[in-house]
Amino acid sequence: MNRFRVLFFCAVIGFCFLSAFTFTFDTKINLGGDNLSYYYLGKSLNLGLGYSDISSANITSHTHFPPGYPVIISVVLIFFDGVIPIKILNGIFG
């Protein structure tokens, strides 16, 4: 009986998460904040350009944001292209 309660509780939590996530999910990338910077850093790692700012005319080394999340983004970009898979992964992390 206890196992059933745990499974039921997990199912309810999963349903609530999926409901909230699908309600709030936006396919457009947010140009405000750090979102686009992290995407570009992950893309530069994926392209083999190192940890660089590829959004400017001069590709320079990046020194502001830590490299952890861009590394995760670069791994996602190996298997999928575009922003949507990264946004889904970010929702799962949330």
Would you mind calculating the gained length between residue 2 and residue 58 on full extension (0.36 nm times residue separation, minus the Cα-Cα distance), in nm to one decimal? 14.1 nm
Estimated FRET transfer efficiency when R0 is 30 angstrom, pair residue 36-residue 79 (beta carbons, to 0.05): 0.90
Taking all pairs of distinct alpha-carbon atoms in the chain, Kirkwood radius in angstrom: 15.2
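Take every Cα pair under 8 Å in the chain that's 6+ residues apart, average their separations, divide by the length, and report that relative contact order as a whole percent.
Averaging sequence separation for qualifying contacts and normalising by length gives 23 percent for the chain.
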Rolling a 1.4 angstrom probe over the protein heavy atoms, how many square angstrom per residue are accessible across the chain? 73
Quickly estimate the mean residue ellipticity at 222 nm for the chain, helices only: each DSSP H run with n ≥ 4 gives -39500 (n - 2.57), and the total goes over all residues, rounded to 500. -19500 deg cm²/dmol
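The values are calculated or read from the model by the stated rules, or taken from the named source; none is laboratory data. None of the values given here were measured: they were computed from a predicted structure. We place every Cβ from the backbone using ideal geometry, glycine too, and count neighbours over all the protein chains shown. Remember, those area values only see protein heavy atoms, side chains included, never the ligands or the DNA or RNA. Shrake-Rupley method; radii C 1.70, N 1.55, O 1.52, S 1.80 Å.
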